[in-house]
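Taking it in order: structure first as C-alpha cells, then the write-up.
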C-alpha cells in the first residue's frame, strides 16, 4: 500500500517526466547539434540549407534542456546540487558551447557578410564543444563522478561517441529534409556516424556493468537476464536494418527518407531505457535515491498539476510548428 | 578573493548579461505586435517595413537571452546549492511554471514568427507574434514573483530548516511583487523605446529618412515620454514599499548611518565603511525624510541600528544614484525630443544626435536599478531566512570558479560588443536597401 502515499509515487512520476524531457532534448537538440557538427563537411551553399533546416526549431529544442535541468532542480534539488557541483567544469564548458552556438546562429545571418565564415566556424565548434561536454558528463555520471585519469579518458571517449550519435540523428534529419547532393552526402555521413554510435553504445553497455557490481547483478542475474535480453537484441537488429536501409538511400521517389531519423530516435530510446534500468532507483549513482532527493510532496503536486495541464498544450503546438515547416527545406528568410 | 565573492561575481555577471536582452525583448515583442496591427489596420507599408527591420533585432536579442538564461538554470545548482535545499519547495514550482507556461510558448512560436511569414496565414502570424510577446511577459512575471518573494517572503512555514508553502496566493502576490513587476515592465518599455528611437535616429542621420524610420523614431520617443513619468511614480511607490519591508536597504541607498529625523537627500557622498560615516556630503536638507515618509521631520532608521545586518553601502548608494540620474536624463531628453518633433513633424539633427547617445540608456538604468535592489538585499539571499554565504557551494574551489568566471566574462564582453556592432551594422545596411522599398505583402495566404 505504501506506493500510494504521495511521497512514494510523486518522485517516480517526476523521474519519468525528467527522463522524457532529457530524452526529448537528446533527440531534438541532438539533431541540430549533429547538423552543426556535420556542417564542417559541407560547402557554403549547403551550410545555408543545413542552417535553414534547423532554424525554426533550435530555440524550442533547447528548451527541453531547461525543462530537464529544471525538473532536476525543482523536484530533486539535493541531486541537482551534488551532480552539478561534481560536474562543475564540464557544465561550464557545455554552457560556453551552447552560448557560442546559439548566438552565432543569429549573428551569421545578420553580421557583415565577410564575417559569415567566422560565425560558421564558431557555430560548428560551439556544437562540437557542447556535445563533447555532454558526453563527458554522461561518462562521469556512469563512473559515479570519480575524477581519475581513467575516468577522464572514459569521459572523453563517451563525448566522442555522443558526437557520433548526434551526427547520426543529424544526418537522419538532413536525409529527411534535403534533396540532391546534400541528401547523398547526408546518407554517407549517416553510415559513418552509425558505426560510431554503435561503438559508443557498445562501450557504455560494457563498461557500466563491469565497473559497478550492483548494475552487473541487475543485468546478469537470472531471470533479469532473460527479461532484459530483448533490449540488446532489438538494438542489434535495428542497427543492422539501418545499415541496410542506408545503403539503398536515397530512394528514387524519396521513399523511406524518414527511416534513418526514426531509427535514430528508436536507438536513443533503447539506450536510454538501458541506462535508466541500470541506475534506477538512484539519481546520484549508488548514493542518493530519487526518494531521498525529492522535494516535499505538496510542492511536487503543485508542479504536477501544472505540468499535466500545460504539457499537452506544448506537445500540440510543437507538432503544429513542425507541420508549418514540414517537407523539404527551402531557403530561410524573414519574408 | 574567497570562493563566496567569486561565486557572487560569476552569478552577478551572468545575470547582468542576461537581463540586457529580456529588458529589450519583453517590450519590443509588444511593439512588433503593434507594428503588425497598425499595418493590418492602415495598410501603410511603413509599419511592415518597421516590423521587418526590428524583428531581426528581436531575434538576435531573443537568442542571446535564451543562451544566457540556460546558463542561469545551471548556476542555481552550481553556485547556490543551499538555495534550493532551503527554499526549493517554494522556488521550484515558480521556476517550473515559468518553464512550462512561458519558455516553450515563446520559443516554439518564435520559429513561426521569424520564418513562417510565407507559410501561415497573416492572422496566424499575428497570433504567433502575440504569443511570443505574451510568453516573454509571462516569463518575466514568474521570475519577478520568485525574486520578489526572496525580498519579501510570506506564505510559508519552516519545518526542519526547510520552507514549506502554506499559501500559494500569498507567495505569488507577496508584498513587493506588484511594485517590482510594474517597475520592471516599465524599465523594459523604456529600454526598448530608447533603443528604437536611438537606432532610428542613427538611420535618420545617415540619410535614411523614409516613412518607416520616422514612424519608428516617433513611436520610440512618444512611448518613452509617456512611460518615464509613470516609471518615476512607480519607482517612488516601490521605494516606500522597500522602506516598510527592507529598511536597511533604504538606509544604504540614502547612506544614512545614524537614525535621524529630517534626513537630508544626499546628492553626492563618499560612504566610508571603516569610520561608519560619509566623508563628503552634499545634500538637500530634510528632503529624504520628505520623500520617504511624506513628512519633513520623518524619522529614518540609520545603518548603525541594524546590528551589522545591512548591505554594503557604497555600491547600493552609487547604483541608486546612477539609476535615478539616468531616469532624469531620460525624462528631459524624451520630453524635449517629443516637444520638438511634435512642433516641426521631423526631428532636428541635434535631437537625433541626443537620441543616438541615449540608445542604450535603458540598459544603464535597468542594471543599476537591479544592483541597487539585489546588493541591497545582502547579506540575505532570502530576506531574513537564508544568507548568501550559507547558500554557496562549499565544495567548489575558488580557482575553479575564477577560471570559469574568466571564460564567461570574455564571452560576455565579446558578445555585447558583437551585439552592439551588429545592431548598427543592420541599421547601415537598411539605409542601402530601403531605397528600393520592399513590395507590399498580401494578407492571408
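Values in this text are rule-based calculations from the coordinates and carry no lab data. In this text, all values refer to a predicted model and were calculated from it rather than measured experimentally. Cβ sites come from the backbone with ideal geometry, for glycine too, and all protein chains shown count toward neighbours.
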- Query: Looking at (1) surrounded by fewer than 23 Cβ atoms within 10 Å (Cβ to Cβ); (2) facing another protein chain (nearest Cβ under 7 Å), which is the one condition that is false for residue A:56?
  - Reply: (1)
- Among the residues of the range B:314-337 satisfying the criterion of being touching a residue at least 60 places away in the same chain (Cβ under 8 Å) and under 18 Å from residue B:278 (Cα atoms), which is surrounded by the most Cβ atoms within 10 Å (Cβ to Cβ)? B:316
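So that you can scan it fast, the table gives a plain yes or no per residue for (1) exposed (fewer than 15 other Cβ atoms within 10 Å of the Cβ); (2) more than 9 Å from chain B (Cβ to nearest Cβ):
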position: A:272; (1), (2): no, yes
position: A:283; (1), (2): no, yes
position: A:289; (1), (2): no, yes
position: A:294; (1), (2): no, yes
position: A:298; (1), (2): no, no
position: A:302; (1), (2): no, no
position: A:307; (1), (2): no, no
position: A:316; (1), (2): yes, yes
- Message: Being part of a helix (DSSP H, G or I) and more than 7 Å from chain B (Cβ to nearest Cβ) is the filter here; which residues of the range A:76-85 pass it?
- Response: A:79, A:82, A:83
- Might you let me know whether the range A:237-258 holds any residue that is closer than 26 Å to residue A:62 by Cα, more than 10 Å from chain B (Cβ to nearest Cβ) and surrounded by 12 or more Cβ atoms within 10 Å (Cβ to Cβ)? yes
- When you scan the range B:293-313, how many residues do you find that are in a helix (DSSP H, G or I) and surrounded by 15 or more Cβ atoms within 10 Å (Cβ to Cβ)? 4
- State which residue is nearest to the other protein chains (Cβ to nearest Cβ) when the search covers only the range B:68-85 and only residues that are more than 23 Å from the chain's Cα centre (by Cα) and surrounded by fewer than 22 Cβ atoms within 10 Å (Cβ to Cβ). B:85
- Query: With respect to residue B:93, is the statement that it is surrounded by 24 or more Cβ atoms within 10 Å (Cβ to Cβ), under 20 Å from residue B:386 (Cα atoms) and either facing chain A (nearest Cβ under 9 Å) or touching a helix residue (DSSP H, G or I) at 6+ places or on another chain (Cβ under 9 Å) (or both) true?
  - Reply: yes
- Criterion violated by residue B:175 - all others in (1) in contact with a helix residue (DSSP H, G or I) (Cβ under 7 Å, 6 or more places away or on another chain); (2) farther than 30 Å from residue A:59 by Cα; (3) outside any helix (DSSP H, G or I); (4) within 14 Å of chain A (Cβ to nearest Cβ) satisfied: (4)
- Message: Take residue A:111 and tell me if it is in contact with a strand residue (DSSP E or B) (Cβ under 6 Å, 6 or more places away or on another chain) and at negative phi.
- Response: no
- Message: Can you tell me which of (1) surrounded by fewer than 18 Cβ atoms within 10 Å (Cβ to Cβ); (2) on the phi < 0 side of the Ramachandran plot is the one residue A:327 doesn't meet?
- Response: (2)
- Mind counting the residues in the range B:404-415 that are facing chain A (nearest Cβ under 8 Å) and more than 22 Å from the chain's Cα centre (by Cα)? 2
- Taking the range A:98-115 as the search range and keeping residues that are surrounded by 22 or more Cβ atoms within 10 Å (Cβ to Cβ) and more than 7 Å from chain B (Cβ to nearest Cβ), which one is farthest from residue A:283 (Cα to Cα)? A:104
- Query: Looking at (1) touching a residue at least 12 places away in the same chain (Cβ under 8 Å); (2) in a helix (DSSP H, G or I); (3) at the interface with chain B (Cβ under 8 Å from one of its Cβ atoms), which is the only condition residue A:66 fails?
  - Reply: (1)
- Hey, any hits in the range B:61-84 for a residue that's touching a strand residue (DSSP E or B) at 6+ places or on another chain (Cβ under 9 Å) and part of a helix (DSSP H, G or I)? yes
- Task: Determine if the range A:223-231 includes at least one residue that is within 22 Å of residue A:163 (Cα to Cα), without any contact (Cβ under 8 Å) to a residue 40 or more places away in the chain and surrounded by fewer than 16 Cβ atoms within 10 Å (Cβ to Cβ).
- Result: no
- In the range B:110-130, which residues are within 7 Å of chain A (Cβ to nearest Cβ) and either within 21 Å of the chain's Cα centre (by Cα) or part of a helix (DSSP H, G or I) (or both)? B:110, B:111, B:112, B:114, B:115
- Residues of the range B:252-268 classified as without any contact (Cβ under 8 Å) to a residue 60 or more places away in the chain and within 26 Å of the chain's Cα centre (by Cα), total: 4
- Message: Could you go through the range A:143-152 and let me know if any residue there is more than 14 Å from every other protein chain (Cβ to nearest Cβ) and either within 17 Å of residue A:26 (Cα to Cα) or touching a helix residue (DSSP H, G or I) at 6+ places or on another chain (Cβ under 6 Å) (or both).
- Response: yes
- Query: In this structure, is residue A:90 outside any helix (DSSP H, G or I), within 13 Å of another protein chain (Cβ to nearest Cβ) and either touching a residue at least 24 places away in the same chain (Cβ under 8 Å) or buried (at least 20 other Cβ atoms within 10 Å of the Cβ) (or both)?
  - Reply: no
